[in-house]
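The values are calculated or read from the model by the stated rules, or taken from the named source; none is laboratory data. Quick caveat, the model's predicted, so the values are computed rather than measured. Note that we place each Cβ from the backbone using ideal geometry, even for glycine, and neighbour counts take in every protein chain shown.
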């Protein structure tokens with residue numbers, strides 16, 4: 001998650017918490033969620049484990065890489 | 001008599017990529033525009049559809065409808081397998097060099113046999129019947145799959161005119 005306006009970073013950091021993300025992506029993310037804060041980039045990086053329905057090479061999912069999941073997170077209301 | 005004549009119709013190259021969430025249709029349309037610029041003029045036939053929006057009717061009659069996700073599908077006819085493969089390669093390039101959040105690409109190359117309908121004089125057609133017997137390949141003793149490269153069919157033609 002990268003803030004479009006750097007001024008919004010604090011709000012994002014306050015609302016887009018590990019718990020909120022884990023709740024929003026329940027059913028997709030089946031493992032732990034870790035958040036890394038990168039204020040110098042106005043960005044938050046989330047590492048979501050067990051989200052690819054078996055992993056890139058063996059997943060039956062259409063989007064085996066989970067490349068579209070960023071937009072699932074963008075749908076989160078804060 | 002009516003006759004269906006098969007002919008080699010070239011190779012169809014296909015590529016697909018999906019977009020979901022905010023502006024999914026607009027992102028897919030942008031991807032379509034990029035592909036059109038890169039592929040147009042290269043093939044005798046090219047079509048780009050948005051599955052979930054325009055793939056069956058060529059347009060969406062209900063313009064209010066906004067799908068949560070949409071899948072871009074591009075197909076083109078080429079004269080060689082290599083040329084057809086470029087279609088899927090261009091779609092795959094959109095993963096990292098295209099609208100945000102594209103996922104789940106697929107690419108296919110299919111040899112196509114076209115069929116045209118015509119008429120043929122009944123007197124010029126001779127008929128015969130061929131019966132073939134087929135038995136399944138026995139499994140490999142080591143791995144229990146039927147990978148042994150042996151003739152898969154045992155043909156016993158009995159022709160009669």
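Of all the numbered requirements in (1) more than 14 Å from chain B (Cβ to nearest Cβ); (2) in contact (Cβ under 8 Å) with a residue 12 or more places away in the chain; (3) part of a loop (DSSP other than H, G, I, E, B), residue A:20 misses one, and that requirement is (3). Scoring residue B:97 on the criteria (1) at pLDDT 95 or above; (2) under 30 Å from residue B:21 (Cα atoms) leaves a single failure, condition (1). Pairing each residue of the stretch B:37-61 that is at pLDDT 95 or above with any residue that is surrounded by fewer than 12 Cβ atoms within 10 Å (Cβ to Cβ) and assigned to a strand (DSSP E or B), provided the two are 6+ apart or on different chains, yields no C-beta distance under 7 Å.
Listed residues B:91, B:87, B:51, B:70; which is within 12 Å of chain A (Cβ to nearest Cβ) and surrounded by 20 or more Cβ atoms within 10 Å (Cβ to Cβ)?
Numbers: B:91 fails: within 12 Å of chain A (Cβ to nearest Cβ); B:87 fails: within 12 Å of chain A (Cβ to nearest Cβ); B:51 fails: surrounded by 20 or more Cβ atoms within 10 Å (Cβ to Cβ).
Going through B:91, B:87, B:51, B:70 in turn, just one is within 12 Å of chain A (Cβ to nearest Cβ) and surrounded by 20 or more Cβ atoms within 10 Å (Cβ to Cβ): B:70.
Return the residue satisfying two criteria in turn: it lies in the stretch A:32-60 and is surrounded by 14 or more Cβ atoms within 10 Å (Cβ to Cβ) and part of a loop (DSSP other than H, G, I, E, B), and of such residues it is farthest from the other protein chains (Cβ to nearest Cβ). By that ranking, first place goes to A:42.
The residues of the stretch B:4-40 that are in a helix (DSSP H, G or I), within 14 Å of chain A (Cβ to nearest Cβ) and touching a helix residue (DSSP H, G or I) at 6+ places or on another chain (Cβ under 7 Å) amount to a single one, B:31. Could you please find all residues in the stretch A:51-78 being more than 14 Å from residue A:22 (Cα to Cα) and in contact with a strand residue (DSSP E or B) (Cβ under 8 Å, 6 or more places away or on another chain)? Listed by number, the residues that qualify are A:61, A:62, A:63, A:64, A:65, A:66, A:67, A:68, A:71. State all residues of the stretch A:4-47 that are at positive phi and out of contact with any helix residue (DSSP H, G or I) (no Cβ under 6 Å at 6 or more places or on another chain); if no residue qualifies, say none. Residue satisfying the conditions is A:27 alone.
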